[in-house]
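The values are calculated or read from the model by the stated rules, or taken from the named source; none is laboratory data. The shown structure was predicted, so the numbers you read here are calculated from the model rather than taken from an experiment. In this analysis, Cβ positions are derived from the backbone assuming ideal geometry, glycine residues included, and neighbour counts consider all displayed protein chains.
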Amino acid sequence: MPNKIVVLGAGVSGLTTAYLLSKDPENQITVLAKHMPGDYDIEYASPWAGANYMPVGKQGSNHHAWERDTWPALKEITEKYPEAGIHFLDAIIYNRKKDQETATGKWFSELVQPNPWYKDVVPDFRDIPESQLSPEIDNGQIFTSVCINTAVYLPWLVGQCTKNGAVFKRAIFRHIADAANAHHSGQKADVIVNCTGLSSKFLGGVCDENLLPARGQIVVVRNDPGPMIGLSGTDDGEDEALYMMTRAAGGGTILGGSYQKNNWDALPDPNLANRIMKRAIAIAPQLVKEGEGIEGLDIIRHGVGLRPLREGGPRVEKDEVAGVKIVHNYGHGGFGYQASFGCAETAISLVKEVLQNKTRAKL
Ligand code: FAD
């Protein structure tokens with residue numbers, strides 16, 4: 001008997017989990033979601049992400065392990081599958097100690113510290129000599145990272161899953177247990193993997209009060225600064241951020257950003273957009289021609305996404321709701337891509353435990 005699995009959600013968490021599960025021919029997978037790759041919606045975080053690999057998990061935490069375990073998978077996809085829309089790019093990180101206590105500074109604290117755990121994970125990690133830093137920067141580092149064109153990568157994941165036999169269907173559920181009855185076999189699913197991101201705050205049977213949005217506003221431009229750049233904070237507000245990254249395969253450059261907790265506003269704030277663009281040019285004047293300001297930026301679009309932040313970290317654990325076995329994999333804040341494979345692997349080991357218990361119960 002095949003394993004009947006429903007993956008609820010088609011963001012990076014659901015698609016990565018479905019992709020890894022679909023490699024086992026014993027697994028019969030239905031991916032159900034309100035939003036699919038190609039959609040842009042405030043309830044769907046994944047398309048808005050940069051997305052790059054800039055680890056932020058505290059040393060020794062699960063988060064650290066998930067990010068560490070994701071790097072080899074992203075590296076392999078980048079090397080083997082250029083059609084996945086990921087490329088290697090230098091990442092330059094600058095730290096100002098004065099940002100330490102701000103919302104952005106706390107988010108970036110592991111990333112910007114001088115001797116981070118990830119120096120042994122990513123290639124070519126090195127400190128930037130003090131003589132090359134501007135006076136307001138306390139320390140800086142450079143390493144090889146990746147930048148993902150989410151508009152190419154998410155459909156690539158869908159393609160890998162469908163090639164392996166997974167079936168995709170649009171559906172909206174008010175209660176998580178109802179998804180068990182929507183498996184494409186017509187039979188009840190053995191297990192649901194819940195990858196509904198921030199919506200798990202409101203989804204019946206889950207209603208996780210620890211979830212909150214961390215609003216990220218971006219400007220996507222045609223200009224290219226070269227390497228990716230990130231700074232620990234800004235002087236414009238403690239929940240504003242400064243980062244930029246050029247996506248693979250013509251995806252444009254993402255200028256960010258913000259990290260506004262509990263802010264649900266889906267509309268871009270034009271004043272914040274101006275500050276994002278000004279800050280970007282101040283730190284990377286090569287974005288525009290000499291002497292130009294923000295008028296030299298060629299804007300593709302403004303955007304807002306809500307990072308599915310969770311107090312206490314992502315929820316990757318087993319559960320049972322109304323007699324239906326669930327494995328949760330949600331709450332990945334601003335690190336859903338860079339922790340995607342690590343989290344999916346943990347979720348899959350929990351799915352295996354559920355399926356083993358099912359087999360034992362039948363004997
Ligand atoms: P989502 O992408 O939100 O997907 C949720 C899915 O569940 C959707 O398909 C939705 O339709 C479905 N769903 C929800 N409720 C229901 C329901 N009731 N019924 C049916 N379907 C439902 N991360 C990085 O690693 N690197 C980065 O550089 C990065 N940059 C970012 C920049 C910005 C501006 C933002 C906003 C985020 C960034 N992130 C980054 C974070 C990353 O985007 C998220 O962590 C990740 O996308 C979360 O993915 P998810 O699949 O868990 O959720």
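The table that follows gives values for the structure above.
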read-out: Among (1) more than 26 Å from Glu76 (Cβ to Cβ); (2) touching a residue at least 60 places away in the same chain (Cβ under 8 Å), the one test that Pro270 misses; value: (2)
read-out: Boolean, Val167 is modelled with pLDDT of 95 or more and crowded, with 17+ Cβ neighbours inside 10 Å; value: no
read-out: Residue pairs meeting the criteria (Cβ under 8 Å; at least 6 apart or on separate chains; first within 21 Å of Gly331 (Cβ to Cβ) and in contact (Cβ under 8 Å) with a residue 24 or more places away in the chain, in region 1-16; second more than 16 Å from the ligand (Cβ to nearest atom) and among the aliphatic types (A, V, I, L, M)); value: Ile5/Val191; Ile5/Val351; Val6/Val191
read-out: Residue list for region 21-43, filter: within 14 Å of the ligand (Cβ to nearest atom), surrounded by fewer than 23 Cβ atoms within 10 Å (Cβ to Cβ) and touching a residue at least 60 places away in the same chain (Cβ under 8 Å); value: Thr30, Lys34, Met36, Gly38, Tyr40, Ile42, Glu43
read-out: Selected residue (only one of Leu287, Leu309 is closer than 22 Å to Arg247 by Cβ and in contact with a Gly (Cβ under 8 Å, 6 or more places away or on another chain)); value: Leu287
read-out: Selected residue (only one of Gly237, Gly197, Gly205 is out of contact with any Pro (no Cβ under 7 Å at 6 or more places or on another chain) and touching a residue at least 40 places away in the same chain (Cβ under 8 Å)); value: Gly205
read-out: Subset of region 25-75 [part of a helix (DSSP H, G or I) and farther than 26 Å from Lys119 by Cα]; value: Ser46, Pro47, Trp48
read-out: Checklist (1) basic (Lys, Arg); (2) surrounded by 20 or more Cβ atoms within 10 Å (Cβ to Cβ); (3) more than 20 Å from Arg307 (Cβ to Cβ) applied to Arg279, failing item; value: (3)
read-out: Count of region 1-20 residues which are crowded, with 21+ Cβ neighbours inside 10 Å and assigned to a loop (DSSP other than H, G, I, E, B); value: 3
read-out: Top-ranked residue in region 215-230 [being closer than 18 Å to Arg275 by Cα and within 20 Å of the chain's Cα centre (by Cα); ranked as nearest to the ligand (Cβ to nearest atom)]; value: Gly216
read-out: Selection status of Gln59, away from the ligand (no atom under 16 Å from the Cβ), under 29 Å from Gly251 (Cα atoms), among the polar types (S, T, N, Q) and modelled with pLDDT of 95 or more; value: no
read-out: Yes/no for Tyr118 being touching a Pro at 6+ places or on another chain (Cβ under 7 Å) and outside any loop (DSSP other than H, G, I, E, B); value: yes
read-out: Residue match in region 286-295 (condition: touching a helix residue (DSSP H, G or I) at 6+ places or on another chain (Cβ under 7 Å), without any contact (Cβ under 8 Å) to a residue 24 or more places away in the chain, over 16 Å from His64 (Cα atoms) and aliphatic (A, V, I, L, M)); value: yes
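Results for (1) in contact with a strand residue (DSSP E or B) (Cβ under 6 Å, 6 or more places away or on another chain); (2) among the hydrophobic types (A, V, I, L, M, F, W, C); (3) buried (at least 22 other Cβ atoms within 10 Å of the Cβ), shown as yes or no for each residue.
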position	(1), (2), (3)
Ala49	no, yes, yes
Asn62	no, no, no
Glu67	no, no, yes
Lys75	no, no, no
Glu79	no, no, no
Ile93	yes, yes, yes
